[in-house]
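Here the structure is laid out as structure tokens; the discussion comes afterwards.
The values are calculated or read from the model by the stated rules, or taken from the named source; none is laboratory data. On a predicted model such as this, the values are computed, not experimentally measured, just so you know. Backbone-built Cβ (ideal geometry, glycine too); neighbour counts: all protein chains shown.
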Amino acid sequence: MLQKEQWMQIHVLKAQGVSEREIARRLGISRNTVARYLSAEDVPRYKPREPRPTKLGAFEAYILDRMSAAAPEIIAAPALLRELRARGYEGQLRSLQAFMNAHKSVPKPDPVVRFETEPGRQMQCDFVVFRRGTDPLYAFTATLGFSRWRWARFTTDERAETLVACHHALFEALGGVPREILYDNAKTIVVERDAYGDGQHRWHAGMLDLAKRYGFLPRLCQPYRAQTKGKVERFHRYLRGNFYVPLASRLKQSGLMLDAVTANVEVSKWLRDVANQRVHPVTGLAPAILLEQRERACLRDMPGYAVPRLPARAVARPRVDPAMSIQHPLSVYQQLLTEVRA
């Protein structure tokens with residue numbers, strides 16, 4: 001295609017009385033091109049090519065529906081990729097990420113301050129809120145400092161007895177107890193910070209009994225310094241975007257509300273197959289592998305007596321959105337969960 005300057009030269013030379021043959025010779029183009037450009041009132045432009053079909057094209061409407069259903073939360077691209085794989089998508093993760101980024105505002109990531117610990121020394125635990133109101137949903141989460149092994153248990157409250165039962169289930173799943181556990185300043189953990197002097201806290205009676213029973217030292221993160229327990233905070237974002245939002249939004253599209261029972265069934269599989277199998281960018285290994293190779297042997301043994309399990313009242317019964325139909329065959333639930341796990 002000729003430049004605008006060449007189109008101008010053709011018209012100027014023609015106006016000067018130069019023949020089309022001579023114009024073609026001077027500009028090094030064919031006579032047909034000269035004739036075509038002389039007959040055009042403006043610079044000829046090629047029509048834009050039709051966009052080539054992409055592997056993602058057939059799934060764009062589905063992706064937008066899923067992103068809309070998850071709003072205001074942001075569904076993680078790797079989680080959505082698993083759903084698309086089950087539907088036949090063969091493209092790359094980066095293509096999906098580019099499409100999602102074009103349709104959402106990406107929040108600026110928080111600055112990361114690393115705080116490393118030796119094997120078996122520290123675990124970070126916390127409660128995270130997923131839903132408040134008449135049907136609350138929380139998760140008690142844990143992250144080992146060295147291997148980054150993760151664990152979560154969904155509950156409907158943050159009571160002291162729930163905290164005890166969650167710790168017992170956590171230590172059973174882990175197969176041991178770390179030397180110390182870092183907590184936030186929750187009322188079920190500490191009654192008064194620095195009550196007896198700097199670093200000498202007045203602990204909740206239930207926490208004192210729990211720590212003595214299992215043989216670990218409770219620690220508090222520094223106020224206004226979230227980086228001291230940054231590992232579990234980052235896990236909260238990962239748990240929300242890669243597990244909770246995909247599952248809750250999928251059920252929501254069918255008029256169902258995610259409850260603690262369903263969440264715990266699914267999160268155990270997600271932790272085993274996804275979260276603890278993903279290679280960590282800092283350690284270079286999957287948490288499950290590093291736990292077995294280096295950290296499990298450094299943990300304290302579980303005490304030889306049992307503690308009560310999670311109280312039945314702390315687990316919600318399945319709830320249905322009252323504005324939507326409750327008539328769903330069992331196959332609907334199975335299909336929804338299968339697609340989320342895929």
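Determine which single condition residue 129 fails, assuming it passes every other condition in (1) in contact with an Asp or Glu (Cβ under 6 Å, 6 or more places away or on another chain); (2) assigned to a strand (DSSP E or B); (3) of a type outside the set (Ser, Thr, Tyr). For residue 129, the failing item is (1). Being at pLDDT 80 or above and either of a type outside the set (Gly, Ala, Ser) or crowded, with 16+ Cβ neighbours inside 10 Å (or both) is a description that applies to residue 16.
Of all residues being more than 16 Å from the chain's Cα centre (by Cα) and hydrophobic (A, V, I, L, M, F, W, C) in the range 251-274, which is farthest from residue 149 (Cα to Cα)? Just the residue, please. Only one residue tops the list, namely 256.
Quick check: is even one residue across the range 200-216 within 19 Å of residue 129 (Cα to Cα) and modelled with pLDDT of 75 or more? There is no residue in the range 200-216 that is within 19 Å of residue 129 (Cα to Cα) and modelled with pLDDT of 75 or more. Report, by residue number, each residue of the range 139-177 that is among the acidic types (Asp, Glu) and not in a helix (DSSP H, G or I). The answer is 157, 158.
Need at least 3 residues that are under 18 Å from residue 72 (Cα atoms) and touching a residue at least 24 places away in the same chain (Cβ under 8 Å) per element, so show me which helices (runs of 4 or more DSSP H) inside the range 232-305 make the cut, counting only ones lying wholly within it. Passing ranges, in order: 245-252. Residue pairs whose Cβ atoms lie under 7 Å apart, separated by 6 or more positions or on different chains, with the first residue in the range 148-173 and assigned by TED's automatic domain parsing to the domain that holds residue 207 and the second assigned to a strand (DSSP E or B) and of a type in the set (Lys, Arg), are 166/153; 169/153. Is it the case, given these coordinates, that residue 82 is at pLDDT 85 or above and under 19 Å from residue 247 (Cα atoms)? In short, yes. For the range 177-216, filtered to residues that are in contact (Cβ under 8 Å) with a residue 40 or more places away in the chain and under 28 Å from the mean Cα position of the chain (by Cα), the residue that is farthest from residue 150 (Cα to Cα) is 186.
Which one is modelled with the lowest pLDDT, of the residues in the range 86-114 that are among the charged types (D, E, K, R) and over 16 Å from residue 60 (Cβ atoms)? Among residues in the range 86-114 that are among the charged types (D, E, K, R) and over 16 Å from residue 60 (Cβ atoms), the one modelled with the lowest pLDDT is 110.
The set of residues in the range 277-294 that are closer than 23 Å to residue 180 by Cβ and either touching a strand residue (DSSP E or B) at 6+ places or on another chain (Cβ under 6 Å) or at pLDDT below 90 (or both) comprises 280, 282, 283.
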